[in-house]
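This report refers to the structure that appears directly beneath it.
The values are calculated or read from the model by the stated rules, or taken from the named source; none is laboratory data. On a predicted model such as this, the values are computed, not experimentally measured, just so you know. Cβ: placed from backbone, ideal geometry, glycine included. Neighbour counts: every protein chain shown. For accessibility, only protein heavy atoms count, side chains too; no ligands or nucleic acids. Shrake-Rupley method; radii C 1.70, N 1.55, O 1.52, S 1.80 Å.
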Amino acid sequence: MTTLGITGGIGSGKSTVAALLGEKLRVRIVSADDEARRLMVEDEELRTALIERFGADTFLEDGSLNRAELATRVFGDPEEVEALNAIVHPAVREELGKSIRQAEKDGIDLFAYEAALIYEIGANDLVDAVLLVDAPLELRINRVMQRDGSTRSEVVARMSNQISSDVLRARADFVIDNDGDLAALQDSVDSLYRSILDK
Ligand code: ADP
């Protein structure tokens, strides 16, 4: 089994690439975002740590995460963001290890982990290679504005604390330049898939 991390800045197209790869046979895709969301609700230790640090309002009465409350607490405050990450990231990383072992047992050929933050959580050490999906900044901004109905300044603010494209490109093992249409992206995914599994 080959394990691949898929990363990229917001709007680069990494979720789209993950979805296209996921259509192939014996490929398993895990999303770090989905995993973090699930763990924050299901993992008792994580819940307790979050409540201790951010208060009982972190969760709603039905046990679901109070995303709005948590976002208000940490937004624009680097210290609070760091505290949240210090609680959530180790749990997410540990879960990635488990998912990889499970995929191996299940006879998966390619396990791909889609995450905006690969290096920040140390997920790069757990996978064989990292794929960066990249696109010119303006295109990324426009895609996110369209996808989320956000304003330009909201998108730019969300981009501001992400690692720059240049640094990500230097660290990645594979790069897909997602600056064409969806058919072009499909071609890039197909050839990447072939080159990974031909190895
Ligand atoms: P990310 O997960 O990196 O934030 P997404 O995969 O969600 O990015 O892509 C951002 C938006 O751009 C989505 O609405 C997606 O459908 C669209 N998109 C991605 N790649 C292309 C492309 N090559 N052509 C047209 N639209 C695209």
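For region 61-78, in order, what is each residue's ³J(HN,Hα) by Karplus, 6.51 cos²θ - 1.76 cosθ + 1.60 with θ = phi - 60°, in whole Hz (x at glycine and Pro)?
4, 7, x, 7, 5, 8, 4, 4, 5, 5, 4, 4, 5, 9, 4, x, 10, x
List the GluC sites (Glu not before Pro) within region 101-199 that fall in a DSSP loop (any state other than H, G, I, E or B) and whose Cβ has at most 11 other Cβ atoms within 10 Å.
Taking region 101-199 and a limit of 11 other Cβ atoms within 10 Å, no loop GluC sites (Glu not before Pro) are found.
Of the accessible area of the chain, with the probe set at 1.4 angstrom, what percent is carbon plus sulfur?
Exposed carbon and sulfur together represent 49 percent of the surface.
Using only protein heavy atoms and a 1.4 Å probe, report how much of ILE121 is accessible, in Å² to the nearest 10.
Counting only protein heavy atoms, ILE121 exposes about 20 Å² to solvent.
LEU197 to ASP177: extension gain in nm, 0.36 nm per residue of separation minus the Cα-Cα distance?
Taking 0.36 nm per residue and subtracting the Cα distance, the gain is 5.2 nm.
Full extension from ARG26 to LEU139: what is 0.36 nm times the residue separation minus their Cα-Cα distance, to one decimal in nm?
Computed gain between ARG26 and LEU139 is 37.5 nm.
Which of rounded, prolate, oblate describes region 109-183, given a ≥ b ≥ c as roots of the alpha-carbon gyration tensor eigenvalues and a/c under 1.5 marking rounded, otherwise prolate only if a/b is larger than b/c?
Here region 109-183 falls in the prolate category.
Give the ranking of LEU126, LEU4 by solvent-accessible surface, highest area first, calculated with a 1.4 Å probe.
LEU126, LEU4
Simple spin-label model, 7 Å along Cα-to-Cβ: ALA68 to ALA86 in nm?
Rounded to a tenth, the inter-label distance reads 2.9 nm.
Extending each Cα 7 Å along its Cβ direction at ASP148 and LYS105, get the distance between those two points in nm, one decimal.
Here the answer is 3.6 nm between the modelled labels.
Restricting to DSSP H runs of at least four residues, report the calculated mean residue ellipticity at 222 nm for the chain, -39500 (n - 2.57) per run over all residues, nearest 500 deg cm²/dmol.
Dividing the helical sum by the residues of the chain leaves -17000 deg cm²/dmol.
From the square roots a ≥ b ≥ c of the eigenvalues of the alpha-carbon gyration tensor of region 1-90, which class results: rounded (a/c under 1.5), prolate (a/b over b/c), or oblate?
prolate
Return the FRET efficiency for the residue pair ASP57, ALA19: r is the Cβ-Cβ distance, R0 is 30 Å, and the value is rounded to the nearest 0.05.
It comes to 0.30.
Hand me the GluC sites (Glu not before Pro) from region 1-91 located in a DSSP loop with no more than 12 other Cβ atoms within 10 Å, in residue order please.
GLU23, GLU61
Of the beta bridges DSSP finds with both residues in region 2-189, what % are antiparallel, to the nearest 5?
If we restrict to bridges inside region 2-189, about 5 percent are antiparallel.
Taking the chain as the region of interest, what is the percent of Cα-Cα pairs per 10 angstrom bin, listed from the shortest bin to the one with the maximum distance?
Whole-percent P(r) values from 0 Å outward: 8, 32, 35, 21, 4, 0.
Work out the count of Lys pairs in the chain where the Cα-Cα distance is under 21 Å, with the pair 8 or more places apart or on different chains.
4
Enter the accessible area of ASP57 (Å², nearest 10), with the probe set to 1.4 Å and all protein chains included.
100
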